[in-house]
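All remarks here apply to the structure that follows.
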Amino acid sequence: MTVLTRLQSTPAHPQFVNAEGSVRRVYQTLLHEENPSALARSFLHEHLQSAANLPEELPRDPSSWHDWVAAHSADVARQYSDYLQQRKAGGPRQFFSTKAHALYFLQAVAPTKLVDGAWLYGLLQHWRDPRFDGLLCTYLEELGDGNPAQNHVVIYRKLLAEHGLQDSSAIADERYLQGALQLALGVCGDEFLPEAIGYNLGYEQLPLHLLISSYELSELGIDPYYFTLHVTIDNASTGHAQKAVQAVLDLLPLEADREDFLRRVSLGYRLNDLGQGSRAIIEAFDLEHELLAMLERKRPFGQHMHSDYCRFEGQTVNQWLATPEQLPGFLQAMQDKGWIKRNEDPQASRFWQLIEGDGAAMFGVFSPYEKRLLHDWIAGNWSPAQPPSAARRHSQVAPPLEVPEQDPDVQQLNEALQGLDGHAQIAALIPWLAPARHAHPAGLLATRRFIELKSSLR
């Protein structure tokens, strides 16, 4: 069975399909529909049942959680120190074998990264209650406090655009699970308050993979700022990890309801472990598999676009592209004819010369990520004499904030706020801080206005 055949025949895991349809569809509905509370509720109930079957990792005594978080952070720091020593001693990268591997990872986790913080959205209405201050601070920091240079979704969108990773059609359905859970918790924040703050407690712990990813992305010439930003704000001393613990302690009810509340917090914490985590996604990468999958996505558009001038083993390019089963053979035929020279500089391959460069005959046919898959597959064990330079760091100097007054959403927001007192303005602003809207100009403006009003009205 070829790699492509395995790709086409792999069934969806039943865990990721529910009565509402695919997880991707649930994700899109929760993100864009006006009031998807019924869907969010059923989705959460289903996956909380799955979470109940996972091992309990959260200590039972919440008074120990600050020390537990600090110990976890210290353990991650020790492991990262060991990793750095191995790398300095000449050890290979542990996560990303090639730049294509790293880009695959960035695209695969995009559904989660593009709704960063969404699980806390439903708690904004508690802005007057000081017990929610840490949670609201966390959410607003995920939104960059209204500064596009610090808004996590804006940063990740720019990262995807820079490397041609915006096409979501290649993302497997199960990769939408964590993002869908985050959106569902944000929709039902009040009804699932213990689960939401338990999820927050788990998500805001500093993971080792974040540190290693940042290091290796930079090595491969990819700006790691989105990841390094989380390393700093999720710290266990004053950052989101510390605030996550304090929020649970502040919101613990009276003794009569305490045990059930903590049980639900624990379930929310375990929601983090559903689906594929970052390490599993990294380990799932197979370069040839991804290359063939990419070519199959493009094959229907190219199978009638080539002339009969060039033939490989007696077949035209159009004939080779007629069925997906022939793609591996087509790649082999180009190697046999010398058009692809594996394990050499891709510049030596005629096929690469057709797709790379302004004057290339197939200029624009492949996106930057698709070209990287081809490049790294051709290169194989060849490596350039000069390794890629480390990525530039995200500028720490934020440009002046501009308000695009002619933007229709900005105009609509300004009109909606006209004549309202401060409390009514906050109520009108909150929908603009929703996961689907906060990264747009009106959402960024609304975030800044929300912060100003919250401070002045307390």
Task: Members of region 141-154 found to be crowded, with 22+ Cβ neighbours inside 10 Å and not in a loop (DSSP other than H, G, I, E, B), listed by number - done: GLU142, GLY144, HIS152, VAL153
- [ ] Within region 190-200, identify whether any single residue is surrounded by 16 or more Cβ atoms within 10 Å (Cβ to Cβ), charged (D, E, K, R) and closer than 19 Å to ALA71 by Cα, and answer yes or no.
- [x] no
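Pick from HIS72, HIS47: which is at pLDDT below 95, under 21 Å from ASN272 (Cα atoms) and of a type outside the set (A, V, I, L, M)?
The conditions single out HIS72.
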- [ ] Can you tell me which residue among GLN242, GLN276 is in a loop (DSSP other than H, G, I, E, B) and either of a type in the set (Lys, Arg) or crowded, with 16+ Cβ neighbours inside 10 Å (or both)?
- [x] GLN276
Open item on the list: Could you check region 124-136 and list, in sequence order, the residues that are among the hydrophobic types (A, V, I, L, M, F, W, C) and either surrounded by fewer than 14 Cβ atoms within 10 Å (Cβ to Cβ) or more than 27 Å from the chain's Cα centre (by Cα) (or both)?
Closed with: TRP127
- [ ] Provide a single number: the residues in region 73-103 that are of a type in the set (Ser, Thr, Tyr), over 25 Å from LEU143 (Cα atoms) and part of a helix (DSSP H, G or I).
- [x] 3
Task: Members of region 55-86 that are surrounded by 15 or more Cβ atoms within 10 Å (Cβ to Cβ), more than 16 Å from LEU210 (Cα to Cα) and of a type outside the set (A, V, I, L, M, F, W, C) - done: PRO62, HIS66
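Residue by residue, here is whether (1) under 17 Å from GLN246 (Cβ atoms); (2) among the aromatic types (Phe, Trp, Tyr); (3) under 23 Å from the mean Cα position of the chain (by Cα) holds:
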position	(1), (2), (3)
PHE43	no, yes, yes
GLU56	no, no, no
SER63	yes, no, no
ALA74	no, no, no
TYR83	no, yes, no
LYS88	no, no, no
PHE95	no, yes, yes
TYR104	no, yes, yes
- [ ] Sort out which residues of region 88-133 are closer than 16 Å to GLN276 by Cβ and of a type in the set (Lys, Arg), and write them in order of number.
- [x] LYS113
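The values are calculated or read from the model by the stated rules, or taken from the named source; none is laboratory data. Since the model is a prediction, treat every value here as computed from it, not as a measurement. Here Cβ is always computed from backbone atoms with ideal geometry, including for glycine, and neighbour counts include all displayed protein chains.
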